[in-house]
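The values are calculated or read from the model by the stated rules, or taken from the named source; none is laboratory data. Note that the structure is predicted; figures quoted are calculated from it, not measured. Ideal geometry is used to build each Cβ from the backbone, glycine not excepted, and the neighbour counts take in all protein chains shown.
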Amino acid sequence: MSLHPHAPERVLEETARIARAAFPQSNLYTRIREAFDTIYHDEDFSTLFPERGRPAESPWRLALISVFHFVEALSDRQAADAVRSRIDGKFALSLELTDPGFNHTVLSEFRSRLVQGAAETLVLDLLVLQERGLLNARGRQRTDSTPVLAAVVR
């Protein structure tokens, strides 16, 4: 797959109108898009894709889907179905309401590219949570992960 970078599109008027009608109080997806507009850009991931080949899905969308995928603890198939069926997801990803989405295997291919390109932290690094006031330096961190706790205790 090759990358032909495109700037993230603006949210389509029809998608925005229907999303606001469906979520008058907003929700996580609509708040993120409205607050940050775009977090990721295709150029951020350009080193992970060759110049030739079949065009890839837009990496900025795949990165944002990956974040939502993690937040909601969805499988790849569930995340792809959510993009296909949820109005708030289409709003956050600047998609038309009739957009058919993508095959769920695209998400694992994207993660593989991140790992192979030694860019595993890129998706989180670009969130710049600290600069946006969402994460405090030297704040208290909690985890329920046994491997992390075991590594800390050693």
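For the criterion of being within 21 Å of L122 (Cα to Cα), surrounded by 15 or more Cβ atoms within 10 Å (Cβ to Cβ), at pLDDT 90 or above and of a type outside the set (A, V, I, L, M), D76 passes.
If you go through region 56-80 and pick out every residue that is part of a helix (DSSP H, G or I) and of a type in the set (D, E), you end up with 1. Restricting attention to region 88-105 and to residues that are buried (at least 19 other Cβ atoms within 10 Å of the Cβ) and not hydroxyl-bearing (S, T, Y), the residue that is farthest from Y29 (Cα to Cα) turns out to be G101. Tell me, which residue of region 8-40 that is in contact (Cβ under 8 Å) with a residue 24 or more places away in the chain and of a type in the set (S, T, N, Q) is surrounded by the fewest Cβ atoms within 10 Å (Cβ to Cβ)? Among them, the one singled out is T38. Scanning region 81-112 for residues that are of a type in the set (K, R) and assigned to a loop (DSSP other than H, G, I, E, B) yields a single hit, R86. Taking the stated definitions as given, is V152 part of a helix (DSSP H, G or I), surrounded by 10 or more Cβ atoms within 10 Å (Cβ to Cβ), at pLDDT below 65 and out of contact with any strand residue (DSSP E or B) (no Cβ under 9 Å at 6 or more places or on another chain)? Against the criterion (part of a helix (DSSP H, G or I), surrounded by 10 or more Cβ atoms within 10 Å (Cβ to Cβ), at pLDDT below 65 and out of contact with any strand residue (DSSP E or B) (no Cβ under 9 Å at 6 or more places or on another chain)), V152 does not qualify. Is it fair to say R61 is modelled with pLDDT of 85 or more, surrounded by 14 or more Cβ atoms within 10 Å (Cβ to Cβ) and touching a Leu at 6+ places or on another chain (Cβ under 6 Å)? So R61 passes the test.
Conditions (1) of a type outside the set (G, A, S); (2) farther than 13 Å from I87 by Cα; (3) more than 18 Å from the chain's Cα centre (by Cα); (4) at pLDDT below 85, marked per residue:
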position	(1), (2), (3), (4)
S2	no, yes, yes, yes
P8	yes, yes, no, yes
I18	yes, no, yes, no
P24	yes, no, yes, no
I32	yes, yes, no, yes
I39	yes, yes, no, yes
D42	yes, yes, no, yes
